[in-house]
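Below you'll find the structure, written out as structure tokens, and then a few comments.
Every number here is computed from the coordinates shown, using simple stated rules; none is lab data. The shown structure was predicted, so the numbers you read here are calculated from the model rather than taken from an experiment. Please note: Cβ atoms are built from the backbone with ideal geometry, for glycine as well, and neighbour counts cover all protein chains shown.
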Amino acid sequence: MTQNFFAPCPRGLEAPLCDELKALGAEDIRSTDGGVHFSGPGALSYKVNLHSRTASRVLWRVAMSRYNTEQDIYDTALALPWTEWFDVTRTIRVNMAAIRCPLRSLDFATLKIKDAICDKFRQEIGERPSVDTHAPDIRIHAFLEESQMTLYVDTSGDALFKRGVRQYTNIAPLRENLAAGILILSGWKPGTPLLDPMCGSGTFLIEAAQMTLNIAPGIGRHFAFEKLHTFNDEKWQSLRNEAIAAQIPVTALPIYGSDLYGDELKAARLNLENAGLLDAVTIKQANVLEITAPAEQGIMVANLPYGERMGELDEMRELYPKLGDVLKQKFKGWNAYLLTADLAMPKHIRLSVSRRTPLFNGALECRLFEYKVVSGSNRK
Ligand SMILES: C[S@@+](CC[C@H](N)C(=O)[O-])C[C@H]1O[C@@H](n2cnc3c(N)ncnc32)[C@H](O)[C@@H]1O
């Protein structure tokens, strides 16, 4: 039977997510700000959870109706067959998001949904599930608009950027799905040399290596759909086995990372080791101002420090023009994709920007600046 789904993603990555969904066989793909609606058989959610690099979650739509009051919300939630979907021993949590919702308290509306689910269980089997706001088995997401409510059961559990391989991070690590999305937006393709000269915990490097070696992002973790009564283990195992069979054995790849600080490199090394990718990627400690291009042509990606530490923004603004010089002098033939929340960066780097893409790193508004480094890239 066809089911409806919604996959939220970092804002700015809707287009690459649509492409991924299309490739995975989704239908009725419809993009909206911060996510993509799609439909398909129930097991499509397994596939998307396993293979999507850009989605943050996969939500299964279980109700959509008009509402005026909290009672309407309660009634819609009560009418759903919750006991058919999961066991009373599963813990639950209700998440709420709203746009132009006229109700006075979203907390109260959230509580009404939780009450309806518990009341339904009591009516049907005489017991109710417990709430666990920290690590629930089952998350229910409500989305309230002006007069329409939508309820979803979360098939992912932990957000999908938690791939289960990156365990060590220092300051300001990039979310894995944003890193993957930036690689896709840059047009980088497996086999093209890739350099992240500010690699931190190695997020871009791991994503790029996994993409090259066909390692499904979700292969090492569990998902909430495994806890639903509708779970088809046979189907899931066959999807996992297919994904494992498609993996390419680890080999040295033209993927390079460096960072100024030893602690960051240590984190990157541990994460690569944990992902089984240490032999695929070359990392070294270096100042971005002292590196040389590891190949004649390639793609450079970096997420520049955001100025979180005291004085860091001033340091960065001193660094930008020097970084611009490094690009001009040593990276002819390369395209660079620099992510930053400092919108004044292009003014200081003194190179012609060929594209700027708005992206959100969590709540932080950023831009991905594209620089095509050819002779004469420097701004007049
Ligand atoms: C925002 S973090 C990058 C985080 C990384 N993308 C991740 O996911 O973990 C910026 C990185 O730039 C590094 N950095 C700062 N100044 C540098 C310099 N002059 N040369 C090389 N790396 C530098 C910092 O050590 C930090 O790891």
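Here the chain has an Rg and Dmax of 22.9, 75 Å, counting Cα atoms alone. Listed by chain and number, the lysines whose alpha-carbon sits under 22 Å from that of K112, ignoring those within fewer than 8 places in the same chain, are K120. Positive end of the dipole of the chain (Cβ unit charges, origin at the Cα centre): among A341, F86, L24, the Cα lying farthest that way belongs to A341.
Looking at the stretch 104-158, the trypsin sites (Lys or Arg not before Pro) that sit in a DSSP loop and have at most 12 other Cβ atoms within 10 Å of their own Cβ are R104.
Work out the FRET efficiency for L313 and T89 from their Cβ-Cβ distance, taking R0 = 41 Å, and round it to the nearest 0.05.
Calculated transfer efficiency: 0.20.
When both bridge partners sit in the chain, DSSP labels roughly 65% of those beta bridges antiparallel. Taken along the Cα-to-beta-carbon direction at a fixed 7 Å, the label points for R30 and A63 span 2.0 nm. Segment M96..M1, full-extension length gain: 31.5 nm, with 0.36 nm per residue of separation and the alpha-carbon distance subtracted. How many nm separate the modelled label positions at T230 and H348, each set 7 Å beyond the Cα in the direction of the Cβ? Here the answer is 5.0 nm between the modelled labels.
Can you give the angle from 0 to 90° between the axis of helix 106-125 and the longest principal axis of the chain, with both taken from C-alpha atoms, to the nearest 10? Value to nearest ten degrees: 50. Here the stretch 291-334 and the stretch 76-101 have alpha carbon centers that stand 47 Å from each other. Compared with the alpha-carbon gap, the fully stretched path from A245 to D158 is longer by 28.8 nm at 0.36 nm per residue. Relative to the longest principal axis of the Cα atoms of the chain, the long axis of helix 14-23 makes an angle of roughly 70 degrees. Where a ≥ b ≥ c are the square roots of the eigenvalues of the C-alpha gyration tensor, would you call the stretch 233-354 rounded, which needs a/c under 1.5, or, failing that, prolate if a/b is larger than b/c, or oblate? Here the stretch 233-354 falls in the prolate category.
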